[in-house]
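Below you'll find the structure I mean.
The values are calculated or read from the model by the stated rules, or taken from the named source; none is laboratory data. Because the structure is predicted, anything quoted here is derived from the model rather than measured. For neighbour counting, all protein chains shown are included, and Cβ atoms are generated from backbone atoms with ideal geometry for every residue, glycine included. Only protein heavy atoms, including side chains, enter the accessible area calculation; ligands, DNA and RNA are left aside. Shrake-Rupley method; radii C 1.70, N 1.55, O 1.52, S 1.80 Å.
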Amino acid sequence: MSEASSEDLVPSLEVEVAADRDEEEAGKKKKKSKGLATMFSVFTKGRKKKGQPSLAETESEVWAGWRLIGNPGPLEELKADLERGQLEAAGPLLALELELQEAAAAGLASQEELVRRQSKVEALYALLRDQVLGLLRRPLEAAPERLRQALAVLAEQERRDRAAAAAGPPGCPGLAATRPRGWLQLWRDGVAQAAAERLSRRPAADAEGRTEVERAFLHMGRTMKEDLEAVVERLKPLSPADFRVVAAYAESYHAEFAAQLAALTQFELCPRDTSMLLLWVQNLYPNDILNSPKLSPELQGVRLGTLLPQTQIRQLEATFLSNEVASIRELTARALELESERWTKDEAPQRLDGRCHSELAIDIIQVSRQASAHITLDLGTQIKPLLLEELARFLRSYQRAFDDFLERCRQLRNYRANVIANINNCLPFRTSVEQRWQTRPDLRSSLLRPLYELKSHGFDTLLQSLFGDLKPLFKKFTQTRWAAPQQILEEIVSAVAERMPEFSELQDCFREVRGCWAELLEAVHLHLVKEYITRLCKRRLVLKTAEQQQQLAGLVQANAQDIQQFCTQSGSRATWLHHALPTLAEIIRLQDPSAIKIEVATYATLYPDFSKSHLSAILAIKGNLSSSDAKSIRSILDINTGAHEPSKALFSLIKIG
């Protein structure tokens, strides 16, 4: 019988043919012996030709009518029949036992004769026992009719045992006590032995590279499930209810499974086998086997318990968690090491949909997902903070490695492409953290901070050349004393637009609101606004009339609109910058100190890093503003100082002096 295969659970054609041959031989024997034919006639009289007989009908055929008078029949013929496996001989044998008891009770035989006859009867019972238990030992290989007969014999023997136990000590002088024979317990012992033999077989190595422990678990689990399902389908309908046949098999298989696991835990298991053991104990065994659709209804009320004690399970869980953390740390460190080697070897990154692509984020996310696959919900809850800690550790290492690359490898041919590939990595990392881990906002922000730094440093590197080209153009504002700001701004916008194709390999160009392209354009947008304000704060322009101030305010307002329109159409989503220049223009335009105070107070709530020094530089443009009014306006910022922490930096990037 193959290991837990369907061939194990279905009797072969040869078995059925053998059963038919036994019946034919039994028929020949009936012709041969007229005395035995008379005794066996009960098995053929009134037999239904259609359908299988019930258990009660089978028992009545085996046991009804066997009351022999006089000579019970040739013992040698009974022995031969039993040796050939003809369970019909159980009836005459029981009749012999009853006649022997009657003879002893009536004093019709000497002590010597009683001992002689009883020894022969017991020898025949030993043959019958071996035949019955042999069939029941491998019930799934036996023909249904043969199995039904064996169960009928066992049931009758159990009834006789109970009757003898109820009657008290034997009252037949000269006979040794032979009951209870305990065949039912022997059957249960046989079930336990069969379970041990079935589950202890070690499968051969397979082509899938499983470890020996993994193969053993798979074999035991599959064997137990398929065997119990076959017991439910084929053996239970033939068995008396009080045999509790499904429970007997389930308890024996469970005990053997648990014993095999207990033996395994005595050895030092590798991390892979520890994980597999926990998976079976806590998940696959209770859910996929005991709670499977076919077995769950049959095992209601059967208390099998866990495969291992809870204290041992907790120890295994602690080992598992430690192993997982160590494995994740090793795998992520190795992945980063390989990625860093590709950068320093000047290998070009992959291209995916026209974007520079790195597999690093995918690899790390996959490692994290595999580690957090829940053996149980409780274990998943325990491992989550450990995984987050390891992810944070990795991201910090990733940022350090990237910063080192930015500093040391500027001359490499694929330097810029690898910078873009690493910036593109930030989006899948961030998406995974936000969608999968569902941490508190403060923890999520702390976890993702290395990515923000990595991306910011990457943008600085990519934009360094562009911003360097823009610097002399911005200087023209002050050099010309804002005589032609519209033409200067057009030059700046044209220079930026001309360089934009250099960044087209950033991820999610023009499509994703939070994509790297949008974030790059936000950096460009911020730079344009910041540099424009820096030029306004240079204190080189002093306008003494309201008309001059209103004219400059109109120019600033127009420039602000052009910057906002260009950046927004290009892909920037930095709406927080939309009020930066227009409100400054309004402060320049207004002449009433009270109105200016209102604008300043509002502005400080939008940009909390707007300081008195920045305000003083803007107020310096208003040559007709008295010192006392300027001081009064600046005092408005005292009210707001420290009231808000800036979510994004603007004025803190602008130095005054």
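With respect to the numbered conditions (1) among the aliphatic types (A, V, I, L, M); (2) open to solvent by 40 Å² or more (accessible area, probe 1.4 Å); (3) in contact with a Ser or Thr (Cβ under 8 Å, 6 or more places away or on another chain), which one is the sole condition not fulfilled by Val191?
(2)
Looking only at residues in region 337-359 that are hydrophobic (A, V, I, L, M, F, W, C) and in a helix (DSSP H, G or I), which one is least open to solvent (accessible area, probe 1.4 Å)? Steps first, please.
At the first step, the residues of region 337-359 found to be hydrophobic (A, V, I, L, M, F, W, C) are 338, 343, 348, 352, 356.
Then drop every residue that is not in a helix (DSSP H, G or I), which leaves 338, 343.
Working: Leu338: 64, Trp343: 4 Å².
Looking at the filtered set, the residue picked out is Trp343.
Within region 229-279, work out how many residues are exposed (fewer than 15 other Cβ atoms within 10 Å of the Cβ) and more than 30 Å from Arg314 (Cβ to Cβ).
Counting residues in region 229-279 that are exposed (fewer than 15 other Cβ atoms within 10 Å of the Cβ) and more than 30 Å from Arg314 (Cβ to Cβ) gives 4.
Checking the condition closer than 21 Å to Trp437 by Cα and either aromatic (Phe, Trp, Tyr) or open to solvent by 70 Å² or more (accessible area, probe 1.4 Å) (or both), which residue from Ile328, Ile375, Ile362, Ile383 passes?
When all the criteria are applied, what remains is Ile362.
Each row is one residue, and each column tells you yes or no for (1) on the phi < 0 side of the Ramachandran plot; (2) touching a Leu at 6+ places or on another chain (Cβ under 9 Å).
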site	(1), (2)
Gly571	no, yes
Ala580	yes, yes
Ala585	yes, yes
Ala595	yes, no
Ala601	yes, yes
Ala604	yes, yes
Lys622	yes, yes
Leu625	yes, yes
Ser632	yes, no
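Here's a follow-up. For region 464-502, name all the residues that are of a type in the set (Gly, Ala, Ser) and surrounded by fewer than 13 Cβ atoms within 10 Å (Cβ to Cβ).
Ser465, Gly468, Ala483, Ser494, Ala497 - these are the residues of region 464-502 that are of a type in the set (Gly, Ala, Ser) and surrounded by fewer than 13 Cβ atoms within 10 Å (Cβ to Cβ).
Is it fair to say Gln561 is open to solvent by 80 Å² or more (accessible area, probe 1.4 Å), assigned to a helix (DSSP H, G or I), closer than 22 Å to Phe651 by Cβ and among the polar types (S, T, N, Q)?
Working: open to solvent by 80 Å² or more (accessible area, probe 1.4 Å): yes; assigned to a helix (DSSP H, G or I): yes; closer than 22 Å to Phe651 by Cβ: yes; among the polar types (S, T, N, Q): yes.
Against the criterion (open to solvent by 80 Å² or more (accessible area, probe 1.4 Å), assigned to a helix (DSSP H, G or I), closer than 22 Å to Phe651 by Cβ and among the polar types (S, T, N, Q)), Gln561 qualifies.
β-branched (Val, Ile, Thr), modelled with pLDDT of 95 or more, within 30 Å of Asn422 (Cβ to Cβ) and part of a helix (DSSP H, G or I): does that describe Ile488?
Here the answer is no, as Ile488 does not meet what is asked.
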